[in-house]
1. Among the strands (runs of 3 or more DSSP E) confined wholly to the range 238-357, which include 1 or more residues that are free of Cβ contacts under 8 Å to residues at least 60 places away in the same chain?
2. With the structure loaded, tell me whether PRO108 is within 15 Å of ligand 1 (Cβ to nearest atom), in contact with a helix residue (DSSP H, G or I) (Cβ under 6 Å, 6 or more places away or on another chain) and modelled with pLDDT of 95 or more or whether it fails that test.
3. Looking at ARG292, ARG283, ARG312, ARG266 in this structure, which one is on the phi < 0 side of the Ramachandran plot, touching a strand residue (DSSP E or B) at 6+ places or on another chain (Cβ under 8 Å) and not β-branched (Val, Ile, Thr)?
4. Looking only at the range 174-186, count every residue that is among the hydrophobic types (A, V, I, L, M, F, W, C) and over 30 Å from LYS126 (Cα atoms) and tell me the total.
5. Taking the conditions exactly as written (of a type in the set (Val, Ile, Thr), more than 16 Å from ligand 2 (Cβ to nearest atom), part of a helix (DSSP H, G or I) and assigned by TED's automatic domain parsing to the domain that holds TYR230), does VAL181 satisfy them or not?
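The values are calculated or read from the model by the stated rules, or taken from the named source; none is laboratory data. Bear in mind that the values here come from a model prediction, so they are computed numbers and not experimental data. As a convention, Cβ positions derive from the backbone with ideal geometry for all residues, glycine included, and neighbour counts pool all protein chains shown.
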Amino acid sequence: MLIVMKPQATEEDVRRVCRKIESMGYRPHPMPGAQRTAIGITGNPGPLEPAEFDTLPGVAEAIPVSKPYKLVSREVKNEDSVIRVKVGDSKDSFVTFGGRELAVIAGPCAIESREQAFAAAEKVRKAGALLFRGGAFKPRTSPYSFQGMGEEGLKILAEVRRQFGLAIVTETIDPENCDLVEQYADVLQVGARNMQNFSLLKRVGRSPKPVLLKRGMSATLEEFLMAAEYILSEGNYSVILCERGVRTFADHTRNTLDLSVIPAVRHLSHLPIIVDPSHGTGRRDKVTPLARAAVAAGADGLIVEVHADPDRALSDGYQSLFPDQFAELMAEIAAIAGVLGRTTAQSTTGVRGSGLGVRG
Ligand code: PEP
Ligand code: MN
């Protein structure tokens, strides 16, 4: 159910409706908009009747929401959400996901050493990326493969942030691990293998940090959006969706990158969506063409694996771009973005606010 308030409704009117929702055992999600406030309702104590709210002061109407996902849907919030991530030292400096600008996250699959991380960070920063990726905890198919450096890797990421003014995107693999990772990350990554780890989704839903949610390798669009709904329903509205390829019979790539999900998501949800052409293809020679296509298809950004010496990478070297290839890609996507009336992200200053209501 969505409660739409009248344009002249007072803050007390909004609070009264929220109290009523809570007293019935549900959770209210107020969303102040340019014209009026709407209040999403989540929880499952039982069926809700619009008549319970229609007569409260300041209420314009109570509308049932037909989709199984509520808070992520355009039925509840029509304007695109713009998610801001702080970059650099200035407290007013942000990069945004979901606005006019494209955000690019780049860096190695995993943090392997301080030297390796710094070498990649220097190159991607120079090429214009403002966000740095690198796993300190790696969910690997084999228990005998490199599992990441753990907290030592997170400390290196903190140094990268300081030294290069890059925002840090790194993966958290379970709820306990999140306590540690959120102390270091600017954006918490939930990996494809964890897209339906519901206790992790609830845990990141209670984090103050934005979440990059990767699509599970066999997830339908509805399952993907429901996973995001878990996060929003806990109160964290800063979710960036990420298409990273799904499993099909095709064996010329590691996964099949489903770019058609971009317009499909945009139709159903206000959340931003970015694309990972690295895991999406698994082959270096296919990363650039699919990255270009993703931007052309309307992605809000990219996450790309870049390694200064991919042949020696401890994971995913065969799909990591050389720094020069990444710099070329940045120039190309800037040109494609221009055709679409968009730009590649520069640090945005002076933009404030957070929460479902003020991002749109
Ligand atoms: C990663 O980003 O390094 C990663 C493991 O991605 P995914 O969860 O999409 O496989
Ligand atoms: Mn990887």
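1. On the way: elements: 239-243, 273-275, 301-305.
Ranges flagged: 239-243, 273-275.
2. Numbers: within 15 Å of ligand 1 (Cβ to nearest atom): yes; in contact with a helix residue (DSSP H, G or I) (Cβ under 6 Å, 6 or more places away or on another chain): yes; modelled with pLDDT of 95 or more: yes.
So PRO108 fits the description; yes.
3. Values: ARG292 fails: touching a strand residue (DSSP E or B) at 6+ places or on another chain (Cβ under 8 Å); ARG283 fails: touching a strand residue (DSSP E or B) at 6+ places or on another chain (Cβ under 8 Å); ARG312 fails: touching a strand residue (DSSP E or B) at 6+ places or on another chain (Cβ under 8 Å).
Just one listed residue meets the conditions, ARG266.
4. Pass one, the range 174-186, residues among the hydrophobic types (A, V, I, L, M, F, W, C): 178, 180-181, 185.
From what is left, the residues that are over 30 Å from LYS126 (Cα atoms) are 178.
Of the residues in that region, 1 qualify.
5. On the way: of a type in the set (Val, Ile, Thr): yes; more than 16 Å from ligand 2 (Cβ to nearest atom): yes; part of a helix (DSSP H, G or I): yes; assigned by TED's automatic domain parsing to the domain that holds TYR230: yes.
Judged against the criteria, VAL181 is a match.
Each row is one residue, and each column tells you yes or no for (1) aromatic (Phe, Trp, Tyr); (2) over 21 Å from GLY317 (Cβ atoms); (3) away from ligand 2 (no atom under 16 Å from the Cβ); (4) not in a strand (DSSP E or B).
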| position | (1), (2), (3), (4) |
| --- | --- |
| LYS123 | no, no, yes, yes |
| ALA129 | no, no, yes, yes |
| THR141 | no, no, no, yes |
| GLN147 | no, no, no, yes |
| LEU157 | no, no, no, yes |
| VAL160 | no, no, yes, yes |
| THR170 | no, no, no, no |
